[in-house]
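Read through the structure below, which is laid out as structure tokens, and then see the notes.
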Amino acid sequence: MMTARLLVTLALVLGAVAVGEIAGPPGWRLYEDSVQAVVGAAAAAVCLATARGRTGMHRRWRLFAGLGLAGWAVTRLLWAVQGPAIDFFVLPICLLVALLYAPYTRPRPVPTSVRRDQIALLLDSLLISGSVLALLWSFMPFDWDGQRTAEIAAAAAYPVADLFLLTMAVLLLVTRPGSRAGRQPLAWGGLALLAFGVSDTLRLINLADGQLSPLESAGYVAGPLLVAMAALSPIVVESDPSASAGEHDWLHLLLPYIPVTATGVMIAVNTGAGKPLSPFEAYLGWLGLGLVVARQMFTIVDNTVLLDRLSEGRRRLHHQAYHDPLTGVANRALFHDRLSRAGDRPVAVLFADLDDFKLINDSFGHAIGDRVLHAIAGRLQSCVGPDELVARLGGDEFAVLFDHRPAEAEPAGHRILAALREPFVIDGHTIGVGASIGLVAPAPGEPLTADALLRRADAAMYASKRRGKGTMARYAGPGDGGPHADLPHLLAQALAGEPGGAGFEVFYQPIVSLTDGATVAVEALARWTSPVAGPVHPDVFVSVAERTGLVAAIDDFVLDQACADAATLALIFGRPVDMHVNVSAARLGPGLEEVVLAALTRHGVPPSRLVVEITETRRIADLKAAAAVAARLRAHGIRIALDDFGSGFNALAQLHSLPVDIVKLDSTLTDVDIAPDQAGALCRSVVTICEGLDIAVVAEGIETPSRATALAGLGCLLGQGYLFGQPGPLHRLERPTIPAQPSTPSSAARLS
């Protein structure tokens, strides 16, 4: 509404001006100056009024334009009252500031310093306008009257200023990316400067008689009106400011030097023709040369700053590529690179794996766990010298490389163990962390690759875990059949061929109905007796397999062997029983469906007899894709179970995200005979939720009849644990016998 009123007012003023210019007597200066003052005041009011509804740069340039027009209107009013008076160039100065702010009302394709762009704009405008002025002077030399030099210079100042400001506006229009609507204020402003420039130039040419025709002075009326139109332009947000950035970059670099080159050619031609340079031309030439030098110096400084930024960016990227983002220490890539470049120099490697760190994440959350890892990295660095490289290899695994002082490795390992025994206090929580450390220090001259050294350190670390955790073990050699055996290497060898011939076998543990003691299923579990290292605990070799990418081979071996034993299992228990086979959650992706179906087809096992237990030792990266794989398996009749529910990453959210048929409660939720209130309430809640979702529940870790009775009373119909039988080979399986609980319908049917 306000904009409409302003436009109506401008239209009335413009109509009055037109009438006055046409009907007014020649030389009626009073009328001309008065009308120009009124138009200038009206345009100033428009600029100031529109500035009130804007913020930031949009507001600032409108304020300066309004102040300049107000000063110009006051000057015209003084001229109308007392004749030509002193002009303080308020309008050019204010328009200069407005133009310096105007280009930044739109997004820039590349973030740069505002001050840098303003200085470059000023230098380029001076270069171009000075060159154009020199060309004009060469074509139309003015006859200076020595007695009126000051008056002529004052009159020439305005058209020169108009030329400079018009050059700025054109530069901004040509070199700044943006839509046509986004450039609209600059276009109106450029037309306004052109109108002022035409009238100021004609005034300079007609300085002798001091009179301008109504048409010649029309620029003093059109100029303020066009500035007002610029102020009324809407704010346009650019959708893609970088779309035309490349086109404007080269134009921005070349455009200032085109008129400079033309001026140089013209001066050279005139000089070659014997026409001497006037003092003014010589001054413009030296000014242009100085501006070119200044512009080049500015460009050099600017490029230097950009190169410094590029170098800093490269250093930052290099640091990010070779350092752990959580702890700030080196990552696996940098550790491996430094270890590879050690060559024949004596080195030592400490490999530290945090003991039971998963419990910290389960108990306090991953945010606290991340802060503990950061604090651990700091303690590791405080236990070694500045020349040693501390690295986080992934998860809760750290390593230290002793490249120059390998003899310091063992004392440093003991310092690390002592330091980690001191608890961490984070957000009021006192958290204890232990570590198992493996140390490897090859003999001088022994040729070993970086991977071989890491495998040996890894093997020594697992040897310390088998000793009882919280200790340090030194690698004693690959031929050692004791606890120092190179487990990653031995495991890879065992799984490379036929696992059954390398000590792998499948044990079975019954899953029974708590109401009648009937065995309804068995869980197939991998066991390994290495020909070199002897019996290896499942927690140890499964963890090694997960870290070395071999866990899929173990899963496939157990799946195939369980399907091969299905017929024998049916004979042992008098009827077909379900087979639970563990599959790492990381394998819920392409290829799993084909492997499972191939094993079932090869041994003639109905899909309904197979239960795939998802074991989550690590978070599922793509839960949506994993759910799709699980859904395809279920479409074939295979059932899906969540193993160790209540620990690790298994939580109630998984029941909603994954299509699940069975939930196996972790032993932390089934010790209802030890903590009947807390554990009982948790167990009852989970059972109730699963019943509502039509999900069967299997309680793990049942070791006593009292626990079995308590769980049955809470509504848990199925159980598994040492009470019903430990995992054993196929030939040692027996039907478990337990006291039957009160009969509940379909106790076994829920799993079958």
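Structural remarks
- Rg of the Cα atoms in the stretch 482-567, relative to 2.2 N^0.38 Å, amounts to 1.22.
- For ARG474, the residues whose modelled amide H falls within less than 5 Å of its own, excluding neighbours fewer than 5 places apart on the same chain, are LEU439.
- Each Lys or Arg adds one and each Asp or Glu subtracts one; over the other residues with Cβ under 11 Å from the Cβ of GLY197, this totals -1.
- Carbon/sulfur fraction of accessible area - the stretch 350-509, other protein chains in place, 1.4 Å, %: 52 percent
- Which of HIS323, HIS318 is most accessible, then next, and so on - probe 1.4 Å: HIS318, HIS323
- Taking Lys and Arg as +1 and Asp and Glu as -1, the other residues whose beta-carbon sits under 10 Å from that of LEU439 total +1.
- Surface listing: ASP403, ASP516, ASP673 arranged by accessible area from highest to lowest gives ASP516, ASP673, ASP403, probe 1.4 Å.
- 3J(HN,Hα) couplings calculated from phi for the stretch 575-585 with the Karplus curve 6.51 cos²θ - 1.76 cosθ + 1.60 (θ = phi - 60°) are, in sequence order, 6, x, 10, 6, 10, 9, 10, 6, 9, 4, 4 Hz; Gly and Pro show x.
- Surface exposure of the stretch 291-447, expressed per residue as accessible area with a 1.4 Å probe, stands at 51 Å².
- Residues HIS58, HIS580 ordered from highest to lowest accessible area at a 1.4 Å probe: HIS58, HIS580.
- For the stretch 527-594, accessible area per residue (1.4 Å probe, heavy atoms of protein chains only), Å²: 39 Å²
- For ARG632, the solvent-accessible surface with a 1.4 Å probe is about 100 Å², rounded to the nearest 10.
The values are calculated or read from the model by the stated rules, or taken from the named source; none is laboratory data. Fair warning: this is a prediction, and the values are worked out from it, not measured in the lab. Every residue, glycine among them, receives a Cβ derived from its backbone with ideal geometry; neighbour counts consider all protein chains shown. When the accessible area is computed, the model is the full protein with side chains, heavy atoms only, and any ligands, DNA or RNA have been set aside. Shrake-Rupley method; radii C 1.70, N 1.55, O 1.52, S 1.80 Å.
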